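*Asks:* Once you've had a glance at the structure underneath, I'll fire off some questions.
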Amino acid sequence: VQLQASGGGLVQAGASLRLSCAASGRSLSRATLAWFRQVQGQEREFVAAIRSSRSTHYADAVKGRFTISRDNAKNKVYLQMDSLKPEDTALYYCAADFSIILSSIGRPDQYDFWGQGTQVTVSS
């Protein structure tokens, strides 16, 4: 599976962005799909995940502002980010895994497939 993330950019605080992640090589319809983010020098941080059942999970820091969704027909996962804050600035990665258990959904070391990252910068 190859993942390609896109949609990052430079925006002002309060603005919105929509990240996309397109997959090739295998259908993601049975995979758990997630977004993580990383600031240079810090650990990769869980943002959101969506399971094959379409149940969603969010980090507390983004709950109510970010929405993860998937389009199995297009083999894509999205992250709608609203009310962006400067502290959301990071490199955002999409990830996929076909066998992850619910209790591990926020652990980056449990995901087998990763995109290359797309930069989101929020200015104050």
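The values are calculated or read from the model by the stated rules, or taken from the named source; none is laboratory data. Source: prediction; values computed, not measured. Here the Cβ is made from the backbone with ideal geometry for all residues, glycine too, and neighbour counts use every protein chain on show. Just so you know, the surface numbers come from the protein's heavy atoms only, side chains and all, with ligands and any DNA or RNA stripped out. Shrake-Rupley method; radii C 1.70, N 1.55, O 1.52, S 1.80 Å.
*Asks:* Count the net charge of all other residues whose Cβ sits under 15 Å from the Cβ of Gln38, scoring Lys and Arg as +1 and Asp and Glu as -1.
*Replies:* Overall, the nearby charge balance is -2.
*Asks:* Okay, next question. Starting from the Cα of Asp112, step 7 Å toward the Cβ, then list every residue of region 80-99 with an amide N under 16 Å from that point.
*Replies:* Residues 95-99 qualify, since their backbone N sits under 16 Å from the label point.
*Asks:* Further question on the same structure: For Asp82 and Lys63, compute 0.36 nm times the residue count separating them, minus their Cα-Cα distance, and round to one decimal in nm.
*Replies:* Full extension of this stretch gives 5.8 nm more.
*Asks:* Give the span of region 7-66's Cα atoms along each principal axis, as three whole-Å numbers ordered largest to smallest.
*Replies:* Rounded to whole Å, the extents work out to 35, 26, 24 Å.
*Asks:* Continuing with the same structure: Among the GluC sites (Glu not before Pro) in region 17-92, which ones are in a DSSP loop with at most 11 other Cβ atoms within 10 Å of the Cβ? Mind listing them?
*Replies:* Answer in residue order: Glu43.
*Asks:* Still on this model: Among Asp71, Asp88, Asp109, whose mean-square fluctuation peaks in a Gaussian network model of the chain (Cα, cutoff 10 Å)?
*Replies:* Greatest mean-square fluctuation among the candidates belongs to Asp109.
*Asks:* Just tell me which lysines come within less than 24 Å, Cα to Cα, of Lys63; anything on the same chain fewer than 8 places away is out.
*Replies:* Lys63 reaches Lys76, Lys85.
*Asks:* How far is it, in nm, from the label point at Thr121 to the one at Ile101 when both lie 7 Å from their Cα along the line to the Cβ?
*Replies:* About 4.2 nm separates the two model spin labels.
*Asks:* If exposed trypsin sites (Lys or Arg not before Pro) are those in a DSSP loop with at most 14 other Cβ within 10 Å, what is the longest stretch of the chain that has none?
*Replies:* By the stated rule (loop sites, at most 14 other Cβ atoms within 10 Å), 75-124.
*Asks:* Here's something else I'd like to know. Give, as a single signed number, the net charge of other residues whose beta carbon lies under 12 Å from the beta carbon of Val1, with Lys and Arg counted +1 and Asp and Glu -1.
*Replies:* So the surrounding residues net to 0.
*Asks:* Please list, in order along region 107-124, the HN-Hα scalar couplings obtained from phi with the Karplus expression 6.51 cos²θ - 1.76 cosθ + 1.60 (θ = phi - 60°), rounded to whole Hz, x for Gly and Pro.
*Replies:* Ordered by residue, 3J(HN,Hα) equals 9, x, 6, 8, 9, 8, 10, 9, x, 8, x, 9, 7, 10, 10, 10, 8, 8 Hz.
*Asks:* If you don't mind, another one. Please find, in a Gaussian network model of the chain (springs between Cα atoms separated by less than 10 Å), the residue of Leu91, Leu102, Leu17 whose mean-square fluctuation is greatest.
*Replies:* Ranking Leu91, Leu102, Leu17 by mean-square fluctuation puts Leu102 first.
*Asks:* Hey, what's the chain come to in accessible area per residue, 1.4 Å probe, Å²?
*Replies:* 51
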